[in-house]
Amino acid sequence: MSIFLNRVRTYAANNPLLIFFILVSIWVRLIFWFYSGRVWEDALITLAPARNAWLGNGLTHHLSEARIHSFTSPISVLIPLIGEAFHQGLFALRFSSVVASIFTIYYAYRIGKIFNLHWSAQILLLGYLSMDWLQIFFGMAGMETQVATAIFIATFYYLFIKKWKLLGILAGFGMLVRPEFLFCILVIGLYMLVWHKRSLPKVIVGFACVAIPWYLFAFFYYGSIVPNTIIAKSVGNHFGPFKNSIPVVCSYLLESWKNMAPFVEWFFTRNIPVPMFFIKLVVCIVLLLFILGVIRAFIVKEWQVLVLAAVFILFVAYRSDSTLSIYYMWYLPPFLALLFIVSAFGLSYIPTKINYISAVISVYVVILYSLHTILSLPSEKQIQDKIECGVRFKIGVILNSMMSITDTVIMEPLGYIGYGAFNKTTYDFPGLSSKTVVHKIAQMKGGNILEIIKALNPSFIVLRPQEFKNLVNTYPDVAKQYVFVSDIKADETDFPTFGYSETNFFSDGEFTIFRRSDRLVNAPKPQDMDKLLKSADYYGICENSN
């Protein structure tokens, strides 16, 4: 035991930056977990199939539409599937994100050693991965994002050290954790064809052993290896490659700097405490360092750095060509991690020319990203309590008490409402959990939630106030078929923190439930709500909410 402890002490003494940032990464994520309690909508959508699987209902979101591939990432459902054996699917997702953050820092650090990064460049890279809000939020809010980042970075590490079997296995997991890993596969495959053609079969075998079993299962169980979520988003939101003109793509690309900027990278940010000049300066620094890293890689023939750069550039090109909504922030962290590795490589070139400048740069960048995270936590706690639990989950519970097995409800968003109304027929827009909605949108060659209401004539509808006004104005005959049931509204209180605030309180702070006039049911009595909320709170997400 003493020998082991001595080795640990020696390793820690020789790698202080690694140990420090691992501890920071764990500490910040645990604070997020236990302080804010935040759970992202999509996590609950993914948890439903895992929960149903253990109930004997199959890997599907709700009973009436069996075998719906309502999750984009297989890993995001396989992790909670294990946890659900103990009714701890959400815990499994969060815990796996904490563990994955350790591996994220470790493999990024090891790649830094391969590239001989200066200590200031390691601070830039590890500080960003430890403290960036997007790197923290989605994983700790119950999504697979942190696991994806760890797998992305680990895959390239094993490519660089030529561990072909491990590379193949991780590449297989990469395709299961995020479909966008395909960009990594394309670049890695081309790299190996040029430099390591003889080793490519070993990688392919490892990849096939991991990925093919899932794709076979998905094909025979769901009828397609393409998740219903991808189809729904593509059909409902009209995005995809080769659909936009060059001016539209260029305009999107010029605006995409916000996707990697502190504060601004968060879709819901409304007010920020830092002048925009300093935010833009961070982006300029990181992008200039990225360009410097690419140039330096060409000069010193460090082709491995160019592999990382090529994956990032390919992803940006796809995202810009598809004009993917900036709302889909959880796609970004794995690729931004690659961006920062290349930028750190560029920063390592500076110390040999100008002493201490690189240290100032790295500390400045990390401070801005850290400030975003620190100031976001109080707001997210309020959003969890007031919006997610106080409005959305409550709506689901009310619906659950009124809906029979034959009833249907149309609404957007799905996560918390579907969590409260578990296994009721939820026709969400744009059909993440419902092929019925996807098929209807496809038939109409597009459509909004109001058109879906008209087409499907659901038993219940849940709309924001403005949405119902639009329904009345657009389809008055349809609106007349529905009568008021209940209005759920959050406190109209803004919670800025030192100049920082978000839009959630204003965009999703009020929903109204309507029933079709032939459905003679009433909302539960106020005195019964506490009991209903407690019984429906399977994961204890809202037990501490006011």
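The values are calculated or read from the model by the stated rules, or taken from the named source; none is laboratory data. What you see is a predicted model, and the numbers here were worked out from it, not measured in a lab. Virtual Cβ from ideal backbone geometry, glycine too; neighbours counted across all protein chains shown. Just so you know, the surface numbers come from the protein's heavy atoms only, side chains and all, with ligands and any DNA or RNA stripped out. Shrake-Rupley method; radii C 1.70, N 1.55, O 1.52, S 1.80 Å.
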Pair list, Cβ < 7 Å and 6+ apart or interchain, from region 434-450 residues that are touching a residue at least 60 places away in the same chain (Cβ under 8 Å) to residues that are open to solvent by 20 Å² or more (accessible area, probe 1.4 Å) and among the β-branched types (V, I, T): V438/I231; V438/V235; I441/V235; A442/V235
Subset of region 330-351, residues under 21 Å from L186 (Cβ atoms), in contact (Cβ under 8 Å) with a residue 60 or more places away in the chain and either among the aliphatic types (A, V, I, L, M) or open to solvent by 20 Å² or more (accessible area, probe 1.4 Å) (or both), comes to Y331, L332, L336, A337, L338, L339, I341
Restricting attention to region 288-329, and to residues there that are open to solvent by 50 Å² or more (accessible area, probe 1.4 Å), assigned to a helix (DSSP H, G or I) and in contact (Cβ under 8 Å) with a residue 60 or more places away in the chain, which single residue is farthest from E41 (Cα to Cα)? W303
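Yes or no, residue by residue, for (1) of a type in the set (V, I, T); (2) in a helix (DSSP H, G or I); (3) in contact (Cβ under 8 Å) with a residue 12 or more places away in the chain; (4) out of contact with any Cys (no Cβ under 9 Å at 6 or more places or on another chain):
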residue: S199; (1), (2), (3), (4): no, yes, yes, yes
residue: K202; (1), (2), (3), (4): no, yes, yes, yes
residue: A208; (1), (2), (3), (4): no, yes, yes, yes
residue: P213; (1), (2), (3), (4): no, yes, no, yes
residue: L216; (1), (2), (3), (4): no, yes, no, yes
residue: I225; (1), (2), (3), (4): yes, no, no, yes
residue: T229; (1), (2), (3), (4): yes, yes, yes, yes
residue: A232; (1), (2), (3), (4): no, yes, yes, yes
residue: V235; (1), (2), (3), (4): yes, yes, yes, yes
Please count how many residues of region 415-440 are in a helix (DSSP H, G or I), buried (at least 22 other Cβ atoms within 10 Å of the Cβ) and not aromatic (F, W, Y). 6
Taking F393, is it open to solvent by less than 20 Å² (accessible area, probe 1.4 Å) and modelled with pLDDT of 90 or more? yes
Which residue out of L59, L117 is in a loop (DSSP other than H, G, I, E, B) and under 21 Å from T155 (Cα atoms)? L117
Residues that are open to solvent by 20 Å² or more (accessible area, probe 1.4 Å) and hydroxyl-bearing (S, T, Y), drawn from region 50-80: S64, T72
Would you tally the residues in region 84-108 being open to solvent by 10 Å² or more (accessible area, probe 1.4 Å), assigned to a helix (DSSP H, G or I) and farther than 18 Å from T145 by Cβ? 2
